[in-house]
Amino acid sequence: MERAEKMLKMPKKQFKRIIGTTKPVFKMMIDVLQVAHDKLHESGGKPLGLTIGDKLLITLEYYREYRTMERIALTYGCSKSSVSRSIGWVEDSLSADGRFQLPGKRALQDDTPKNGTVKTVAIDVMEHPIERPKKNKRIGIPARKSDIR
């Protein structure tokens, strides 16, 4: 039995406390991800290393518990890059569906109450690799010294 099925057998309050969402919303997310997976692999492809339920649980754990990708990878028995790809795919698939998107900046500006109070929005960012320039001999110190002369 997969992890997501075990989680769905929990009582409602415990499920909400651990996962961070209700069971109907969780099932709706699974359905959306299943449709996205079927569409992506309709012409075949490599079999899943992680199930769709695992990918969703990984994403929700990452956001809810602020665990590092290395720790999540250790728990699920995969690599950090696999966890990163899974989180990215789940985010993209759920936001493409439209039911799980946050309202845009305009919606927040339009809903400002008349009494002058301002809404506060906190946004957390995800881990992502830093792009650094490749090191080679031309860019190094000897090349800079030769340019000065």
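The values are calculated or read from the model by the stated rules, or taken from the named source; none is laboratory data. Please read all numbers here as calculations on a predicted model, not as lab measurements. For neighbour counting, all protein chains shown are included, and Cβ atoms are generated from backbone atoms with ideal geometry for every residue, glycine included.
What to note about this one:
- If you go through the range 19-28 and pick out every residue that is surrounded by 12 or more Cβ atoms within 10 Å (Cβ to Cβ) and either touching a Phe, Trp or Tyr at 6+ places or on another chain (Cβ under 7 Å) or without any contact (Cβ under 8 Å) to a residue 12 or more places away in the chain (or both), you end up with 4.
- In the range 72-92, the residues that are over 18 Å from residue 2 (Cβ atoms) and not in a helix (DSSP H, G or I): 79
- When each of 4, 73 is tested for being surrounded by 14 or more Cβ atoms within 10 Å (Cβ to Cβ), modelled with pLDDT under 90 and aliphatic (A, V, I, L, M), the lone residue that passes is 4.
- Screening the range 1-47 for helices (runs of 4 or more DSSP H) wholly inside it with 2 or more residues that are more than 22 Å from residue 100 (Cβ to Cβ) returns the ranges 12-19.
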